[in-house]
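Working notes, beginning with the structure itself.
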Amino acid sequence: MTSPSSAHPHSPLLQVRRIWAEPEAQADLRGQQVLARFPDAEIIDVESHWQIPSLHGNEGNVDRWVRVKTEDLVLGVKKSLTARPNGRSADWIAPSTANGCAMACAYCYVPRRKGYANPVTVFTNIDAIIGYLGRHIRRQGAKPAPNQCDPIDWVYDIGENSDCSVDATISDNVADLIAFFARQAGAKASFATKYVNRDLLDLDPRRGTRIRFSLMPEADSRLLDIRTSTIDDRLAVLNDFVDAGYQVHLNFSPVVLSAGWRERWTELLRRLDDATDERFKQQAAVEIITLTHNRDLHEVNLGWHPKAEEVLWTPGIQQTKRSQTGGINVRYRNTVKADAVHTMVELIATHAPWLTVRYAF
């Protein structure tokens, strides 16, 4: 495992003032390393990273949405270690090494699970998580046939509930996972990101990690991708990450339908084509994901970023769908969504014909 001396500079997204920490997490070496990175932070003992009343489910935090993400950090121990089947973006969802995010994208689904405030929780038992993954990979054996996730490797999503590029500025969990998957035959890590962390270029992934940079048109990103890296910055590093030994894919996510959306995506695809070289293009693929929104998140957003809801909450072209966890989600009506997916695939064929569409929904 990496040592505290390898600590990266703090992310500008974080000015941590309070660390809510389970005793077991404080006792772990990784927990001690994180505490050492934020020596001026107040440490608050908590029994459970899941149950912190002043953070989770506290409606009064709506007007402090971004401050909580900036100033609060949680340390916990991941109790349940399971790899869940996925089959869409990855074959498996790996046990989380973090939960929550310092960014504040207006459409993000993760806050719905923990309540109104959703700062980063770092899980400190990284050795146990990596040990579990090693055993899981060995149990799978060789991948029997290509699928949409990957033709050869079992793909493990290591960032379902967080952004690993930001997590890597807080702890060495992500660096440890990238080093682990660099050594695995027949398996690779994968995570989506909206944050450019150039320190990741100094690691040695050996094609064992797939980074999926999320892109959307610049105007949409300025409105919806709160506290993320600019689209210009994301486009500027695509070639660099391929050169550093990563597999680099894209997410067009979410595709938000508002006046002029086709023209904005056309412009983005042209910029993408201009910004990337042949090495990137030969290995590139994209996932296209149309917007799914949520009634509870809509209500929260009205409290801190109502302008976003003018494009996210459009009942005239949306239908409701109860989620597996019982929430009321909204997504585009079937015909509207099908037309949007068809349009996106056609725009790619016209303006970035080198880009493989892995899936679109």
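General remarks:
- Residue match in region 220-228 (condition: touching a residue at least 12 places away in the same chain (Cβ under 8 Å), over 17 Å from the mean Cα position of the chain (by Cα), surrounded by fewer than 24 Cβ atoms within 10 Å (Cβ to Cβ) and in a helix (DSSP H, G or I)): yes
- Within region 314-341, residues that are more than 14 Å from Ile289 (Cα to Cα) have Cβ atoms under 6 Å from residues that are open to solvent by less than 60 Å² (accessible area, probe 1.4 Å) and part of a loop (DSSP other than H, G, I, E, B) in these pairs: Asn329/Ser323, counting only partners at least 6 apart in sequence or on another chain.
- So Pro39, is it at pLDDT below 85, part of a loop (DSSP other than H, G, I, E, B) and more than 20 Å from Val155 (Cα to Cα): no
- Filtered residue count, region 95-106, keeping only those that are closer than 16 Å to Val174 by Cα, of a type in the set (A, V, I, L, M, F, W, C) and open to solvent by 10 Å² or more (accessible area, probe 1.4 Å): 1
- If you check Asn173, Asn86, Asn125, Asn161 for being touching a Ser or Thr at 6+ places or on another chain (Cβ under 6 Å) and open to solvent by 10 Å² or more (accessible area, probe 1.4 Å), only one passes: Asn161.
- Cβ-Cβ under 7 Å pairs, at least 6 apart or on other chains, region 240-265 side more than 15 Å from Thr314 (Cα to Cα), far side open to solvent by less than 10 Å² (accessible area, probe 1.4 Å) and part of a helix (DSSP H, G or I): Val242/Phe280; Val248/Leu238; Val248/Phe241; Val248/Val242; Val248/Phe280; Phe252/Met344; Trp265/Met344
- The residues of region 304-359 that are more than 19 Å from Lys281 (Cβ to Cβ) and hydrophobic (A, V, I, L, M, F, W, C), listed by number, are Trp304, Ala308, Val311, Leu312, Trp313, Ile317, Ile328, Val330, Val336, Ala338, Ala340, Val341.
The values are calculated or read from the model by the stated rules, or taken from the named source; none is laboratory data. What you see is a predicted model, and the numbers here were worked out from it, not measured in a lab. Using ideal geometry, Cβ is built from the backbone for each residue, glycine included, and neighbour counts are taken over all protein chains shown. Please note that ligands, DNA and RNA were not included when accessible areas were found on the heavy atoms of the full protein model with its side chains. Shrake-Rupley method; radii C 1.70, N 1.55, O 1.52, S 1.80 Å.
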